[in-house]
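Take a look at the structure below.
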Amino acid sequence: MSNVNPLFVDSTKPIGDKVVTNVELLHVTLQSGESLFFELTDEFGFVQRFAMKLLETKKSAKYTAEVWLKYQHQIQYRFLIVAEGVETQTSATREVCVGHIISEKWEPCTEPQLIKTTKAKRAKPKSPATADKNAAPTIKAKSAKPLYEPHLVDQIKSLFDDLL
C-alpha cells in the first residue's frame, strides 16, 4: 500500500475522527470449517479481530468487513484463516495509515507472525552516578508527602451541614 498523498486527504474529516473503513481481501479460498478474520492492533497495542464475509459476483469472489477506525491513525493488521479455533494460515503483518479502504490480495506467510507493538521507551539512568549532574534534584518517595490529607467523611459532613 502506498502512503497517503497529503494533497488528496479528505479535509472534511479531522484526524482522529472515526470513519468506516472497508476491508477487502481478494484471491483467497477457504476450506469447509474455516473462517477468515481481519486482525488489527492500534497505536496503544489494543488487538481487535473482525470476521470477514464472502461477497460473490459473476467475475470474482472477495471477503469484506466494515470496521470503524480513527481516521489517519497508524495501525498494524493481518489476515487470519482459522479452523476449529486454531490459526492455520496468516498473512504478513502490515502497517498502514487508516483511510476509507484497505484492499489486498491473499499472500499467506510461511511462518505465523505475532503482531508486534513497539512503543518508544524513555532512557532511564541506571544509577545516580550516571545521571546528568545538571538535572533537577528529585525527591525520594519516603520523604514525599501528599499535597493534602483526604478527610472524606469530615468533608461530606460539612457539606451536609451547609445544606441544612
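The values are calculated or read from the model by the stated rules, or taken from the named source; none is laboratory data. Being a predicted model, the structure only gives us computed values, none of them experimental. Using ideal geometry, Cβ is built from the backbone for each residue, glycine included, and neighbour counts are taken over all protein chains shown. The accessibility values were calculated without ligands, DNA or RNA, using every heavy atom of the protein model including side chains. Shrake-Rupley method; radii C 1.70, N 1.55, O 1.52, S 1.80 Å.
Taking the criterion of being within 20 Å of Glu95 (Cβ to Cβ), among the basic types (Lys, Arg) and at pLDDT below 95, would at least one residue in the range 1-17 satisfy it?
For the range 1-17, residues within 20 Å of Glu95 (Cβ to Cβ), among the basic types (Lys, Arg) and at pLDDT below 95: absent.
Looking at the range 99-108, can you tell me whether even one residue there is modelled with pLDDT under 90 and open to solvent by 100 Å² or more (accessible area, probe 1.4 Å)?
no
Looking for whichever is of a type in the set (Asp, Glu), at pLDDT below 65 and loosely packed, with under 10 Cβ neighbours inside 10 Å here; the options are Glu84, Glu111. Which one fits?
Testing whether each residue is of a type in the set (Asp, Glu), at pLDDT below 65 and loosely packed, with under 10 Cβ neighbours inside 10 Å leaves just Glu111.
With respect to Gln74, is the statement that it is in contact with a Leu (Cβ under 7 Å, 6 or more places away or on another chain), open to solvent by 50 Å² or more (accessible area, probe 1.4 Å), of a type outside the set (A, V, I, L, M, F, W, C) and at pLDDT 90 or above true?
Taking the combined requirement at face value, the residue does not satisfy it.
Provide a single number: the residues in the range 21-53 that are at pLDDT 95 or above and outside any strand (DSSP E or B).
Number of matching residues: 1.
Which residues, counting only those in the range 34-88, are aromatic (Phe, Trp, Tyr) and closer than 19 Å to Ile101 by Cα?
Phe37, Phe38, Phe50, Tyr63, Trp68, Tyr71, Tyr77, Phe79
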